[in-house]
Amino acid sequence: MAQFCESCGAPLKEGDRFCEQCGATVATVQPAAAPPAPPAPAAQKEKNPLIALLLSFFFPGLGSVYNGDTLKGVLIYIGAIIGMFLFIVPGVIVWIYGMYDAYTTAKKMNEGLIPYKEANIMVIIGFIVVVLVIGAIALAFSMGL
């Protein structure tokens, strides 16, 4: 970038301390300070949508618990079980909805469209244990024990 004397407008050479035309002192030009770099983004935690889908496939509602929505997971589980006992089809519909919802929720969290929710591993394990116990009780009743 060419510099010019502020007094007479003559072109200046790089490193000149005085203007060759008029002898005026050349103001030292400080390079413009670069704007501060934006802060580095924090490490983005991500959910795996496929894991959320598979968890919901094996245990209705577990994908929602994995996504940090424990209440939603419990409601999907209860809806699927009640629907299965009533007419089977409503239970399957709720189960399929739970798989779809777990998958899309995980994707939306990864895209930043909805806030990330941390999953508690103890809640996930507790959910699995409760589902297995309920299943064992239902199996015992159905066998007439």
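The values are calculated or read from the model by the stated rules, or taken from the named source; none is laboratory data. Predicted model only: the values in this text are computed from it and were never measured. Note that each Cβ is placed from the backbone with ideal geometry, even for glycine, and that neighbours are counted across all protein chains shown.
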Can you tell me which condition PRO11 does not meet? The list is (1) at pLDDT below 80; (2) over 30 Å from ILE125 (Cα atoms); (3) not β-branched (Val, Ile, Thr), and all the others hold. (1)
Can ALA80 be described as in a helix (DSSP H, G or I) and in contact (Cβ under 8 Å) with a residue 40 or more places away in the chain? no
Evaluate the following for TYR66: is it hydroxyl-bearing (Ser, Thr, Tyr), at pLDDT 95 or above and under 13 Å from ASN48 (Cα atoms)? yes
Only one of ILE124, ILE128, ILE114 is in contact with a Lys or Arg (Cβ under 9 Å, 6 or more places away or on another chain) and surrounded by 13 or more Cβ atoms within 10 Å (Cβ to Cβ). Can you tell me which? ILE114
Considering the stretch 83-129, residues that are of a type in the set (Val, Ile, Thr) and assigned to a loop (DSSP other than H, G, I, E, B), and then whichever is nearest to LEU53 (Cα to Cα), we arrive at ILE114
Go through GLN3, GLN21, GLN44 for me and flag whichever is at pLDDT below 80 and touching a helix residue (DSSP H, G or I) at 6+ places or on another chain (Cβ under 9 Å). GLN44
